[in-house]
There are 2 protein chains.
Amino acid sequence: MTARARRTVDLRHTDPSDVSLQEALEALADPVRRSILRVLAGEPDFTRACGGFDLPVSKATASHHFSVLRASGLLEQIDQGPRRLNRLRRAEFDARFPGLLALVLTEDEPTETTS
Amino acid sequence: MTARARRTVDLRHTDPSDVSLQEALEALADPVRRSILRVLAGEPDFTRACGGFDLPVSKATASHHFSVLRASGLLEQIDQGPRRLNRLRRAEFDARFPGLLALVLTEDEPTETTS
């Protein structure tokens, strides 16, 4: 929890209750970002590191996607040594925008694991 | 209904069942387009003409917004003489993306009538 507390200071997170619908829709209107969320939804919190995704984009672009997801209240990140671990903020985001995340998670588009 | 049938041929409409989540999110990720949908949700079908919206954009931009809404399965339009009348495809869009339109219609952003 010490590492988590430190990271919360270093990384800018946004509480879903402070996210506008415009920001949420913009964050979700990207297939790579939606694929990240679907991967996280299928795993325990804080087990998948940023470097552990198989994304069809550059490292810099991937970093931007993680940043957008954090800023739109969809993602919480903590650093564990050299790894940045991720958690989908499912319950909080659901409370703010009921039904929206469910559409993303049930989308029948290719994901990392089913392509 | 004759006018309606004719218009369906002239104007390209997309059935909501043929719309991807990506297209839906992109269409909704615009505040002007969402304001159009909120106005239509509060009125009977095919009563509001395109020219009857008080939008903060040029006529050409407004025309583009209506086109995007049509192409994403959110809007049906018919011509009645010189007026192009609009209907929000609420039930069909709800069936395709449950809960998504409700988020837009309950959004607490300024609309034409409550600014």
How many of the residues making up the range B:17-45 are in contact with a helix residue (DSSP H, G or I) (Cβ under 8 Å, 6 or more places away or on another chain) and either among the β-branched types (V, I, T) or not in a helix (DSSP H, G or I) (or both)?
5
Can you tell me which residue is farthest from A:F97 (Cα to Cα) among those in the range A:10-31 that are of a type outside the set (A, V, I, L, M, F, W, C) and more than 14 Å from chain B (Cβ to nearest Cβ)?
A:D10
Of the residues in the range A:32-59 that are surrounded by fewer than 16 Cβ atoms within 10 Å (Cβ to Cβ) and in contact (Cβ under 8 Å) with a residue 40 or more places away in the chain, the one that is nearest to the other protein chains (Cβ to nearest Cβ) is A:A41
With respect to the numbered conditions (1) touching a strand residue (DSSP E or B) at 6+ places or on another chain (Cβ under 7 Å); (2) over 20 Å from A:L21 (Cβ atoms); (3) buried (at least 16 other Cβ atoms within 10 Å of the Cβ), which one is the sole condition not fulfilled by B:R83?
(3)
Would you mention how many residues in the range B:70-106 are away from chain A (no Cβ under 14 Å) and part of a helix (DSSP H, G or I)?
5
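Every number here is computed from the coordinates shown, using simple stated rules; none is lab data. The structure displayed is predicted, hence computed values, not measured ones. Heads up, the Cβs are rebuilt from the backbone with ideal geometry, glycines too, and the neighbour counts pull from every protein chain shown.
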